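Comments concern the structure below.
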Amino acid sequence: MPDRFQLSYLNVISGTVAVPTAIVKLQIDGVEAQGAGFGVGPIDATYNTIAKMTGTKSKLIRFSINAISSGTDAQGEVTVRLQENGLVALGKGADPDIFIASAKAYINGLNRLEYLKKNPSLLAEERAL
């Protein structure tokens with residue numbers, strides 16, 4: 001089953017004199033959609049925009065960042081845990097750009113939630129993660 005949501009584009013604006021803003025382009029069920037939003041930081045702005053675009057009611061219950069390589073160009077891995085209507089899904093994303101890794105993890109988690117909604121027999125397996 002193909003993923004319902006796919007990241008096409010992410011542009012984040014942030015800094016000491018800018019309101020954190022995210023511009024996101026997604027493929028939603030194969031249809032291109034674009035949105036923009038704000039947040040208290042660049043990742044919050046990204047997640048707010050993706051949530052608005054996908055219509056998710058999920059709650060972010062865990063967010064972690066780890067370096068999976070070394071150096072200033074380290075590959076970052078983001079892990080999220082999302083909860084919606086009693087369903088819990090883990091999402092992961094990796095990229096040298098931590099904002100992109102964060103968006104990939106969130107979208108991966110949203111796709112897992114969609115899969116669980118359509119395949120309730122897998123709930124026990126996903127909760128074990």
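The values are calculated or read from the model by the stated rules, or taken from the named source; none is laboratory data. Model, not experiment: these values are computed from the prediction. Reconstructed Cβ throughout: ideal geometry from the backbone, glycine too, with neighbour counts over all protein chains shown. For the accessible areas, the whole protein counts, side chains as well, though only heavy atoms, and no ligand, DNA or RNA atoms are used. Shrake-Rupley method; radii C 1.70, N 1.55, O 1.52, S 1.80 Å.
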**Request:** Within the stretch 31-61, work out how many residues are surrounded by fewer than 13 Cβ atoms within 10 Å (Cβ to Cβ) and either at pLDDT below 95 or of a type in the set (D, E, K, R) (or both).
**Result:** 3
**Prompt:** Mind checking which residues of the stretch 17-30 are exposed (fewer than 15 other Cβ atoms within 10 Å of the Cβ), more than 22 Å from LEU113 (Cα to Cα) and in contact with a strand residue (DSSP E or B) (Cβ under 9 Å, 6 or more places away or on another chain)?
**Reply:** VAL19
**Message:** Quick check on my filter: what residues within the stretch 79-96 are within 13 Å of the chain's Cα centre (by Cα), open to solvent by less than 40 Å² (accessible area, probe 1.4 Å) and touching a residue at least 24 places away in the same chain (Cβ under 8 Å)?
**Reply:** THR79, VAL80, LEU82, ALA89, LEU90, ALA94
**Item:** Residue list for the stretch 67-78, restricted to those being under 18 Å from ALA105 (Cβ atoms), more than 13 Å from the chain's Cα centre (by Cα) and open to solvent by 30 Å² or more (accessible area, probe 1.4 Å)
**Value:** ALA67, ILE68, SER69, GLN75
**Asked** Is it true that some residue in the stretch 101-110 is under 23 Å from PRO2 (Cα atoms), charged (D, E, K, R) and open to solvent by less than 50 Å² (accessible area, probe 1.4 Å)?
**Response** no
**Prompt:** Do we have SER64 as within 19 Å of ARG112 (Cβ to Cβ), surrounded by fewer than 19 Cβ atoms within 10 Å (Cβ to Cβ) and hydroxyl-bearing (Ser, Thr, Tyr) here?
**Reply:** yes
**Fill in**
By residue number, the members of the stretch 2-16 that are surrounded by 15 or more Cβ atoms within 10 Å (Cβ to Cβ) and in a strand (DSSP E or B) are PHE5, GLN6, LEU7, LEU10, VAL12, SER14
